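Working notes for the structure below.
Each value in this text was obtained by applying a stated rule to the coordinates, not by laboratory testing. Here the structure is a predicted model, which means the values were calculated and not measured. Note that each Cβ is placed from the backbone with ideal geometry, even for glycine, and that neighbours are counted across all protein chains shown.
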Amino acid sequence: MKRFKRFVYPITHIVVPFVLMIIIAIKCSEFLELVDYSAYGLEFNFSELSFKNPQVILSILLVIIQWFIVRLFVTKDKEFAKSDFYGDYPLIVYTLAYWIMGYKVVDLKMKPIPLQFQLLHQNIFNCKADAIKSNKEFKYKVDKNDGLNYRVKQINIIVADTFDILDDKLPNNIKDNYTIKIDRIGERSIRVSSQELVDLIHREIRDTHSFCDEYNLFLATPAWTNKAIYEQVFNTRDGFIINIYQQDNQNGFKFKEKPIKIKC
């Protein structure tokens, strides 16, 4: 059922409403005509204009009017692709939801991690990511390659928070990079928001930024943490390039070879 809902959702929330606006505009234009208008010092002499098909002009004007009404009063504060199903749509679907139907809110939960970063970087939505509290406190340990003392092309950042990330899940073409792995100590299955983890990542990025501008991110982290990583660590006008890798649930949850690249 959720798979079906995911499939039809963009159709019912973008395509169908827009088509309805067009149909309504065409039908209403059959009963309207362009007339002269004058008020408050403004004067529009539509009768002097010559159109091959005035109904087409009226239809376009009515679509535009409906479009403004929907964006201002109907979808302005509504959330697109609510987190009750997995919203792994291409970024263009969310962009169309914003520009065509005026949706302005997206919850980052139940979205692929690369898409979360894309939505944050696009910066047109109010991206929600509620903090997750826990009675337990977790600590983290950091493992690194040998000392980094020369400029490198890329650095791998592996954050194994909610579950472990094994080396054999990583793409082969990045395994020789300098790598920083941050592991949660103790139980992993609990999702929790951790400012301590974000601060730790921030320190590691700050300490290595003089050697590298481009980072490969392999994340097992909840939405709140990802939002904080983007906003507090990388979106700082320091010229970062981040490559966010997605795990493939069709291939043993190995990370896909091709990441989503974002220039911050």
Legend entry - Relative contact order [Cα under 8 Å, 6+ residues apart], the chain, whole percent: 16
Legend entry - Range in the chain, longest, excluding exposed GluC sites (Glu not before Pro) [loop by DSSP; at most 11 other beta-carbon atoms within 10 Å]: 34-136
Legend entry - Average projection area in nm² (convex hull over Cα atoms of region 144-228, one quarter of hull surface): 5.8
Inset, instruction - Would you mind telling me which residue in Ile165, Ile60, Ile157 has the biggest mean-square fluctuation in a Gaussian network model of the chain, where springs connect alpha carbons within a distance under 10 angstrom? - result: Ile60
Inset, instruction - Using 0.36 nm per residue of separation minus the Cα-Cα distance, give me the extension gain between Lys153 and Asp176 in nm, one decimal. - result: 7.2 nm
Inset, instruction - Name the most mobile residue of Phe31, Phe80, Phe234, meaning the one with the largest mean-square fluctuation, in a Gaussian network model of the chain with Cα contacts below 10 Å. - result: Phe31
Legend entry - Taking only Cα atoms of the chain, radius of gyration then Dmax in Å: 24.7, 79
Inset, instruction - Kindly flag which residue pairs out of Lys136/Lys169; Lys181/Lys254; Lys104/Lys256; Lys139/Lys256 have an alpha-carbon separation exceeding 19 Å in this structure. - result: Lys136/Lys169; Lys104/Lys256; Lys139/Lys256
Inset, instruction - Report the one residue of Leu200, Phe80, Leu166 whose Cα lies farthest in the direction of the positive end of the charge dipole of the chain (charges on C-beta: Lys and Arg +1, Asp and Glu -1; origin at the Cα centre). - result: Leu166
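Return an integer: the convex hull volume of the alpha-carbon atoms of region 197-236, in Å³ per residue. Before the final figure, lay out the partial values.
On the way: hull volume 2.7 nm³, N = 40.
Cα-based convex hull of region 197-236, divided per residue, equals 67 Å³.
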Legend entry - Out-of-range pairs (alpha-carbon distance over 27 Å; input Lys141/Lys227; Lys78/Lys258; Lys133/Lys258): Lys78/Lys258; Lys133/Lys258
